[in-house]
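What follows is a set of notes on a single structure, which appears directly below.
The values are calculated or read from the model by the stated rules, or taken from the named source; none is laboratory data. What you see is a predicted model, and the numbers here were worked out from it, not measured in a lab. Note that we place each Cβ from the backbone using ideal geometry, even for glycine, and neighbour counts take in every protein chain shown.
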Amino acid sequence: MSAAAEEIPTLPSVPAELEARIDEAITHYPPDFKRSATLPLLHLLQEHFGFLGAGTEEWVAHKLGLEPVNVYEVITFYPMFRRAPAGRHHIRVCRTLSCALGGSYELMRQLCELAKIDRSHATHHAPVSNAADGKFSIEFVECLASCGTAPVCMVDDDFYENVATKEAAAQILQRYE
Amino acid sequence: MVSLVKHPHPRERRLVFKNVDRPGWSPDIDTYLQDGGYDDLKKGFGMKPQEIVGEVKTSQLRGRGGAGFSCGMKWGFIKPDEKKPVYLICNADESEPGTFKDRYIIHQDPHQLLEGMILSCYAVNARLAYIYIRGEFPEGARILERAIQEAHARGFLGKNILGSGFDLEIFVHRGAGAYICGEETGLIESLEGKRAYPRIKPPYFPAVLGLYQCPTIVNNVETLCNVKHIVRLGGAEFAKIGRPNNTGTRILCVSGDVQKPGYFELECGAVTMGELLNDLCGGPKPGRKFKAVIPGGSSAKVLRADDTYKIKVKQPDGSMADQELKFDDIVLDFDSLAAVGSMAGSGGVIVMDDSRDMVWALNNINEFYAHESCGQCTPCREGSLWMKKITDRLAGGYGVAADPRTLKSVADNIAGRTICAFGEACAWPVQSFLQKFPEDFAGAAAKNELPRGARTALEALNPALAAAAAERH
């Protein structure tokens, strides 16, 4: 386990507006099966805070009547959840076959160069690499289901197709502050 | 999402993709209603639920997610007098590499999916349904949520829909980046708020013991959309589209080394491999030849473009005879692709030309499966990683002569020994690439001999790299 994983910043207090959205999400499931709301709650917390801070397990478990370990095992299973801050804007580059045929490894190199990110320490359990200035972070992800317009990437929730040149990659990054 | 408007190819028959890239079309409910939207729902409510199940059986519709299982038979497992609640789940996890069809339905025509879902829920008497959408489709999730709100406001969802006495709620549930959630029992576990560990069958057939241990129907996005068209046309009329046992249309998604990649909705079996790749997709890139095609998502066995295939063909007198088939002449439907030893799968066709090294390609696929194995069954959890390590060193120039044999033995010991079909999904690419392209693998392996007593090939050949790799894992 890396040093970063041991020092997870604490989950800040959950504002009332966010908690109201969380309470609404729980109503999507039968009252006896509130556990189903685990993924939606983790999504809402990560979208708001940028990552799942220490204490997320306890907070969600308390909300849903679970044990913290039930939440912990979910956080560690799903690749989209992270325990440490990413950049202000998070880039996901598709790594899988069709995008690789279309040049996604080259795209990854170009994006890292443009966003000044060192990816040499990325591993299976810590796939996200952050820029020193905190603006961007990046990771390889598996198939984004747009293989006909390879290579593709996402910045935050925005989706970009046919990013086949360095100019195209640079234009995308310019949109973000 | 920025999407380039692409006009349908003349050979296409747009049924499910009728509104995809349609000029002037938008995903809101008014556009949909002006085009006759939800009329099929009204027609469906005029029928008894069992009549709709009957029409779906007559239509011979097969699931579009990958397995090709009969949709009517799946629905038939739900008892009409079931006492437990019945659930319906739309599998919108679209995560099989090479597949990109559900994305366009969700983003551009969400109400078609909702109409198909409402009809399907009415048919199997489900009062609560979920759309399990992959986490990487955040905009798709928002579009669906907006569509559900619109449908609610117009009385197509909620209590006593259109005065039918039928109540239904649909919710969107987002995944979080795990491929295994496309497997229906893994999906159910995930929807229950757990790790997506697939359940063992028997007893956990979703139609018997599914979500919350209740009978559950899990259908793919494209399958549910087809239900709307079956209600509109009638099962018998729908079955006239395509070929017997391969009815309806199929959305083929072509990616990789062709001039014009993209999606094509075609009558099932209407084109051959050669027609798809050369006529619809513009052939290989200049100066190149096709080398390999994966016809149904990355789990499907690879086909070699310069091979001939032997298939059994029924003769007019009823006997069976062998027939030789060129790669270009393979018909693209469920049964024909199974006959040549692969599968139609999810419709994702990945094409590679003669500039590609098959060791590199397989290594990319192996990395996918090693990353996505859920870790529940030992052969798959360990084996998928071993296979990736072996192709990694072959592709990196550190392979040894025994590697292709070792690779095959690992794959052979995964398939058939796991709870879910992921075992086959990760073994089939390895087995088929080795079988179809032995020269690529022998070439990569022949470079080195493993010194006696060495623990791993990498350790023997490049101790510094081995040490660095060990530190990273």
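Of all residues in region B:299-333, which are closer than 30 Å to B:F422 by Cβ and out of contact with any strand residue (DSSP E or B) (no Cβ under 7 Å at 6 or more places or on another chain)?
Within region B:299-333, B:S299, B:K301, B:D307 meet the criteria.
When you go through (1) crowded, with 24+ Cβ neighbours inside 10 Å; (2) under 24 Å from B:S255 (Cβ atoms); (3) of a type outside the set (D, E, K, R); (4) free of Cβ contacts under 8 Å to residues at least 60 places away in the same chain one by one for B:P138, which number turns out not to apply?
In the conditions (1) crowded, with 24+ Cβ neighbours inside 10 Å; (2) under 24 Å from B:S255 (Cβ atoms); (3) of a type outside the set (D, E, K, R); (4) free of Cβ contacts under 8 Å to residues at least 60 places away in the same chain, B:P138 misses (1) alone.
Determine which single condition B:L61 fails, assuming it passes every other condition in (1) under 20 Å from B:G348 (Cα atoms); (2) exposed (fewer than 13 other Cβ atoms within 10 Å of the Cβ).
For B:L61, the exception is condition (2).
Could you list, in sequence order, all residues of region A:128-148 that are among the small types (G, A, S) and within 7 Å of chain B (Cβ to nearest Cβ)?
Matches in region A:128-148: A:A145, A:S146, A:G148.
Residues checked against (1) crowded, with 16+ Cβ neighbours inside 10 Å; (2) among the β-branched types (V, I, T); (3) free of Cβ contacts under 8 Å to residues at least 12 places away in the same chain:
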position: B:P27; (1), (2), (3): yes, no, no
position: B:D40; (1), (2), (3): yes, no, no
position: B:K48; (1), (2), (3): no, no, yes
position: B:G54; (1), (2), (3): yes, no, no
position: B:G72; (1), (2), (3): yes, no, no
position: B:K84; (1), (2), (3): no, no, no
position: B:Y87; (1), (2), (3): yes, no, no
position: B:A92; (1), (2), (3): yes, no, no
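Out of the residues in region B:290-331 meeting the condition of being crowded, with 18+ Cβ neighbours inside 10 Å and of a type in the set (S, T, N, Q), tell me which one is farthest from B:G256 (Cα to Cα).
By that ranking, first place goes to B:S299.
Restricting to region B:141-155, what's the tally of residues that are of a type in the set (G, A, S) and either under 12 Å from B:P27 (Cα atoms) or buried (at least 24 other Cβ atoms within 10 Å of the Cβ) (or both)?
Here the count works out to 2.
Go through (1) in contact with a Phe, Trp or Tyr (Cβ under 7 Å, 6 or more places away or on another chain); (2) within 14 Å of chain B (Cβ to nearest Cβ); (3) more than 26 Å from B:N363 (Cα to Cα); (4) among the aliphatic types (A, V, I, L, M) and name the single condition A:A84 misses.
Every condition holds for A:A84 apart from (2).
Being crowded, with 18+ Cβ neighbours inside 10 Å and either more than 14 Å from chain A (Cβ to nearest Cβ) or on the phi > 0 side of the Ramachandran plot (or both) is true for just one of B:G256, B:G287, B:G283, B:G274. Which residue is that?
None of the other options fit; the residue is B:G256.
Looking for whichever is within 20 Å of the chain's Cα centre (by Cα), closer than 29 Å to A:A145 by Cβ and not hydroxyl-bearing (S, T, Y) here; the options are B:R22, B:R64, B:R11. Which one fits?
Every option except B:R64 fails the conditions.
For the condition within 13 Å of chain A (Cβ to nearest Cβ) and either outside any loop (DSSP other than H, G, I, E, B) or farther than 18 Å from B:H111 by Cβ (or both), what is the one hit in B:V231, B:V172?
Result: B:V172 is the single residue among B:V231, B:V172 that is within 13 Å of chain A (Cβ to nearest Cβ) and either outside any loop (DSSP other than H, G, I, E, B) or farther than 18 Å from B:H111 by Cβ (or both).
Under 6 Å between Cβ atoms, which residue pairs at least 6 apart in sequence (or on different chains) link something in region A:97-111 that is more than 10 Å from every other protein chain (Cβ to nearest Cβ) with a partner that is assigned to a helix (DSSP H, G or I) and modelled with pLDDT of 95 or more?
A:Q110/A:K166; A:Q110/A:A169; A:L111/A:A169
Among the listed residues B:V351, B:V331, which satisfies the condition of being within 12 Å of chain A (Cβ to nearest Cβ) and more than 20 Å from B:V20 (Cβ to Cβ)?
That would be B:V351, the only listed residue that is within 12 Å of chain A (Cβ to nearest Cβ) and more than 20 Å from B:V20 (Cβ to Cβ).
Determine which member of the set B:A151, B:A141 is assigned to a helix (DSSP H, G or I), within 30 Å of B:L33 (Cβ to Cβ) and within 11 Å of chain A (Cβ to nearest Cβ).
The conditions single out B:A141.
Checking B:P198 against (1) crowded, with 18+ Cβ neighbours inside 10 Å; (2) part of a helix (DSSP H, G or I): exactly one of these is not met. Which one?
Result: B:P198 fails condition (2) only.
Inside region A:107-159, can you point out the residues that are surrounded by 15 or more Cβ atoms within 10 Å (Cβ to Cβ) and of a type in the set (G, A, S)?
A:A115, A:A122, A:A126, A:S129, A:A131, A:S137, A:A145, A:S146, A:G148, A:A150
Step by step: first the residues of region A:1-60, then only those that are within 14 Å of chain B (Cβ to nearest Cβ), over 21 Å from the mean Cα position of the chain (by Cα) and acidic (D, E), then the one that is surrounded by the fewest Cβ atoms within 10 Å (Cβ to Cβ). Which residue is that?
A:D32
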